[in-house]
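Input: a single structure, listed below in structure tokens.
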Amino acid sequence: MESVTKDGPARSVEEAKSGEASARRGRLAAGEDPAKRAQILAGAERVFNSVGFDAASMNDITREAGVSKATVYVYFSSKEELFAELAEAQRCQHRDELLAAFENHPDVESALLHLGKVMLRKVTSDWAISAQRIVIGVTNRMPEIGRRFYEGGPKIAQQRLAEFLRRKSESGELDVPDPEVAARQLLDLCVSGLMRRRLYAVESEPPSDEQIARYVGAGVEVFMKAYGPKR
């Protein structure tokens, strides 16, 4: 008969525990699989874009995402939370693009032209228009969604632009007494008109590159006449 050493059983138990721990480390805990989260968000985005926020249901989202309702609720407690995360992802991308828009331009006017084009292209995209319509539709009942959307998007854009205008005014490249007001004015000149036409379905498609260049160019020209350096 084969003999068993005194520490053999103890070693076997420790090895079993170690194997179980390794297996646990190899598996993601519930709600921590980034691929599954992305799958759910992609399904939710398609549903929101198709039927709007109010008409969307968690059942619709589970079918579109190809997961069970139980799986959805492991990751998100409500469709409000789903929409908020979708909006946050877009805002993060928007912030990165906005910061990059100020880089590597030979003068203020070219920087503002580039910024205006980036902004206008972004806010007239299908996703941005759909998101704005959803937010407008639910803000009376859920004002926190409206505040989060504004503070994470338009407010940040205005702040970054105001900081840029302040620096350029201090360096003498612009003459801007109130950078916050000037930032809002520039965004209105370069963005608001075409965005509203998309928002209210006057235009069914995003503006072309030629339309964007013409509209932003006219806005920046007016802005520079008002705030260009005084001679």
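The values are calculated or read from the model by the stated rules, or taken from the named source; none is laboratory data. This is a predicted model, so every value here is computed, not measured. With ideal geometry, Cβ positions are generated from the backbone for all residues, glycine too; neighbour counts draw on all protein chains shown.
Could you check VAL108 against (1) within 16 Å of ALA38 (Cα to Cα); (2) surrounded by 16 or more Cβ atoms within 10 Å (Cβ to Cβ); (3) modelled with pLDDT of 90 or more and say which number it fails?
(1)
Just one of PHE76, PHE83, PHE102 is closer than 30 Å to LYS117 by Cα and either among the β-branched types (Val, Ile, Thr) or touching a Lys or Arg at 6+ places or on another chain (Cβ under 9 Å) (or both); which is it?
On the way: PHE76 fails: closer than 30 Å to LYS117 by Cα; PHE83 fails: either among the β-branched types (Val, Ile, Thr) or touching a Lys or Arg at 6+ places or on another chain (Cβ under 9 Å) (or both).
After applying the criteria, what remains is PHE102.
Kindly list the number of the only condition in (1) in a helix (DSSP H, G or I); (2) farther than 23 Å from LEU194 by Cα that fails for ASN104.
Going through (1) in a helix (DSSP H, G or I); (2) farther than 23 Å from LEU194 by Cα one by one, ASN104 breaks only (1).
Tally up the residues in the range 152-186 that are on the phi < 0 side of the Ramachandran plot and more than 18 Å from the chain's Cα centre (by Cα), please.
To start, the set of residues in the range 152-186 that are on the phi < 0 side of the Ramachandran plot comprises 152-171, 173-186.
Okay, now just the ones that are also more than 18 Å from the chain's Cα centre (by Cα), so 162-171, 173-186.
Adding up the residues that qualify gives 24.
Is it fair to say THR124 is crowded, with 18+ Cβ neighbours inside 10 Å, in the same structural domain as GLN90 (by TED's automatic domain parsing) and touching a helix residue (DSSP H, G or I) at 6+ places or on another chain (Cβ under 7 Å)?
Numbers: crowded, with 18+ Cβ neighbours inside 10 Å: yes; in the same structural domain as GLN90 (by TED's automatic domain parsing): yes; touching a helix residue (DSSP H, G or I) at 6+ places or on another chain (Cβ under 7 Å): yes.
Yes.
Starting from residues that are in contact (Cβ under 8 Å) with a residue 12 or more places away in the chain and assigned to a loop (DSSP other than H, G, I, E, B), keep the ones in the range 124-144 and report whichever is farthest from the chain's Cα centre (by Cα). Spell out the reasoning first.
Looking only at the range 124-144, we keep the residues that are in contact (Cβ under 8 Å) with a residue 12 or more places away in the chain, and these are 124-135, 137-138, 142.
Retained after the next criterion (residues that are assigned to a loop (DSSP other than H, G, I, E, B)): 124-125, 142.
Details: THR124: 14, SER125: 12, MET142: 19 Å.
So, considering only residues that are in contact (Cβ under 8 Å) with a residue 12 or more places away in the chain and assigned to a loop (DSSP other than H, G, I, E, B), the one farthest from the chain's Cα centre (by Cα) is MET142.
Small (Gly, Ala, Ser) and under 30 Å from ALA218 (Cα atoms) - does that describe any residue in the range 81-102? Lay out the reasoning, then the answer.
At the first step, the residues of the range 81-102 found to be small (Gly, Ala, Ser) are 84, 87, 89, 100-101.
If we keep only those that are under 30 Å from ALA218 (Cα atoms) as well, we get 100-101.
So far as the range 81-102 goes, yes, one or more of its residues are small (Gly, Ala, Ser) and under 30 Å from ALA218 (Cα atoms).
Restricting to the range 72-83, name every residue that is surrounded by fewer than 19 Cβ atoms within 10 Å (Cβ to Cβ) and within 17 Å of PRO34 (Cα to Cα). Give the steps one after another, and end with the answer.
Taking the range 72-83 as the starting set, the residues that turn out to be surrounded by fewer than 19 Cβ atoms within 10 Å (Cβ to Cβ) are 73-74, 77-78, 80-81.
Selection gives TYR73, VAL74, SER77, GLU81.
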